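Since the structure comes first, as structure tokens, the remarks are kept for the end.
The values are calculated or read from the model by the stated rules, or taken from the named source; none is laboratory data. From a predicted model like this one, the values you see are computed outputs, not experimental measurements. We place every Cβ from the backbone using ideal geometry, glycine too, and count neighbours over all the protein chains shown. What goes into the accessible areas is simple: the full protein's heavy atoms, side chains included, and nothing from ligands, DNA or RNA. Shrake-Rupley method; radii C 1.70, N 1.55, O 1.52, S 1.80 Å.
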Amino acid sequence: MNRGKEGASFSTLRIYDEPEEWRNVLESSGISSQHEHQAQQRGSGMPQQPLAPQTSHGPVYQEMSSGTPQQWVLQPLDRSELQASWLSEAEPEAAAELDRSFLPGPECGQPCPSPPPSEEVWSFLRAIPPVPDEVVVRQRAPRESWKVGNVRHGKKVYAIAISGSTHHVYTCGHGYIKVWDESALHACNKAPQAQLDFQDRQSRVLACKLLPDEQSLITGGLSRNLTLWDLAPTPRVRAQLASTGPMCYSLALSSNAQICLACFKGFVEIWDLQNQILIRKHEVPEYGSRCVDIAGNKFWTGGEDASLYSWDLRSYQRVQEHHFRHEILSITHDPSEEWVLVGLRNSDIIILHTHRREKLKIFFNKYIHHHNLKFSSCGSYFVTTLDESIHCLAAPSLQRLFQAEESTDILCCDVSSDNQYLVTGSKNSATVYQLLY
């Protein structure tokens with residue numbers, strides 16, 4: 001497939017600045033009228049169909065899987081469909097394989113008979129009215145941000161991380177890492193809680209990742225080692241992992257933090273963090289190794305050659321290859337690990353499903369030098385920085401929650417796991433934003 005055809009195969013998405021714009025799209029698609037029809041049925045006493053259990057999807061899927069607003073109206077199911085709908089759409093073959101021999105019984109391998117629901121149960125289900133949209137509990141997203149402080153790192157902040165449990169911020173750059181406690185986040189000139197100096201003062205941290213327990217940090221960059229830090233009670237080096245390349249551009253962690261990927265020019269190192277063992281040095285295209293991310297049993301690489309590659313972590317075979325017209329500057333995924341977001345040099349964002357052939361594109365159409373992407377831990381929003389601009393977008397509606405501007409290019413960003421703070425790193429400092437709900 002040539003690059004022209006590849007670009008034409010994307011569904012295009014737009015960003016909504018006001019909630020009313022999104023409601024207009026829903027009304028034009030007929031969704032509002034369907035809700036009104038359901039309300040009339042309830043008011044007229046017409047019998048209701050039993051509710052179908054909803055298949056769980058990632059946050060982006062619900063509205064963007066088809067490239068058009070997803071209709072969330074529940075469709076009535078008969079009894080056979082009700083049983084099958086509990087199976088994940090990601091594994092449709094499981095429904096065909098399901099029979100009684102797979103169900104647990106009194107003895108191992110014995111079938112366990114499961115009688116169908118009685119008429120009383122079906123009567124009870126039919127009597128349950130649909131839950132109104134306004135009372136559905138959804139993952140919250142911030143409505144705006146407040147710039148609360150600025151911490152002076154002293155040199156360029158190439159990588160940054162913030163803990164959700166302690167609200168400690170780690171600013172990383174040339175020669176050292178600075179640790180800031182929460183009180184410093186609301187000030188402008190407060191001294192850091194600690195400064196972690198490298199033995200080699202020429203070392204430079206270009207990437208850092210907090211482990212899920214937020215008690216450890218791993219860093220990589222212009223150094224012959226990846227460094228694993230213990231953060232509590234006092235920050236200290238736990239281990240130095242001898243890498244085989246001179247410069248690590250990007251890091252990625254598996255959801256359980258057992259696997260760490262370090263991206264170098266022309267290859268990716270796959271590390272067992274628990275045992276601190278290099279599992280494999282995996283060759284990738286030389287100019288497609290600027291960024292790396294891991295989602296489930298796949299990892300993704302991309303870079304200057306404007307191509308995105310996905311690889312199977314078990315067989316190490318190339319699974320997919322997508323060609324774009326512009327250089328890839330960042331890769332991230334949503335918390336469900338169903339969707340991968342790719343930030344391009346022209347500021348566009350590509351959204352790909354990890355195991356289905358679904359491709360979407362968000363247009364910004366602005367040539368940039370720095371493009372960062374960070375999904376929130378709750379999955380209801382993500383942040384993209386485009387040079388000096390910050391955009392926070394709701395997922396999956398793509399409503400623009402807030403926008404901010406800084407005076408210099410933003411080199412990195414992070415969101416705390418408790419969704420209270422956004423931090424950005426730039427020329428000599430890091431800026432702290434509190435998220436308001």
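A compact table of results
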| item | result |
| --- | --- |
| Of Lys155/Lys281; Lys265/Lys374; Lys156/Lys265; Lys209/Lys265, those spanning more than 26 Å from alpha-carbon to alpha-carbon | Lys155/Lys281 |
| Local electrostatic count, Gln215, Cβ distance below 11 Å [Lys/Arg +1, Asp/Glu -1] | -2 |
| Local electrostatic count, Gly425, Cβ distance below 14 Å [Lys/Arg +1, Asp/Glu -1] | +2 |
| Pairs of alpha carbons in segment 312-391 whose separation is greater than 14 Å (percent) | 63 |
| Sequence ranges 268-277, 188-197, ranked by mean other-Cβ count within 10 angstrom, highest first | 268-277, 188-197 |
| Carbon and sulfur %, accessible surface of segment 265-378 computed with the full protein complex present, 1.4 Å | 43 |
| About the Cα centre, charge dipole magnitude for segment 185-237 (Lys/Arg +1, Asp/Glu -1 at Cβ), debye | 200 |
| Amide hydrogen neighbours beyond the local backbone of Gln193, cut-off 5 Å, H modeled | Val179, Trp180, Asp181 |
| Peptide ranges 345-355, 203-213 listed from the most packed, as the mean C-beta count within 10 angstrom indicates | 345-355, 203-213 |
| Distant-in-sequence amide H partners of Ile259 (H built 1.01 Å from N, under 5 Å) | Ser254, Leu273 |
| Other-chain or far-sequence residues with amide H under 5 Å of Gly175's (modelled H) | Ser203, Arg204, Val205 |
| For segment 215-228, 3J(HN,Hα) per residue [Karplus equation, 6.51 cos²θ - 1.76 cosθ + 1.60, θ = phi - 60°, Hz, x = Gly/Pro] | 9, 9, 9, 10, 10, x, x, 7, 6, 8, 9, 8, 10, 9 |
| Simple Cβ-charge dipole of segment 302-356, Lys/Arg +1 and Asp/Glu -1, about Cα centre, in debye nearest 20 | 100 |
| Under Karplus coefficients 6.51, -1.76 and 1.60, residue-wise ³J(HN,Hα) of segment 281-286 in Hz, glycine/proline x | 9, 9, 6, 10, x, 4 |
| Burial ranking of peptide ranges 357-369, 329-341, 252-264 (average Cβ count within 10 Å, highest at the top) | 329-341, 252-264, 357-369 |
| Backbone HN-Hα couplings from phi across segment 327-336 [Karplus 6.51/-1.76/1.60, Hz, Gly and Pro as x] | 4, 8, 10, 7, 9, 8, 9, 7, x, 6 |
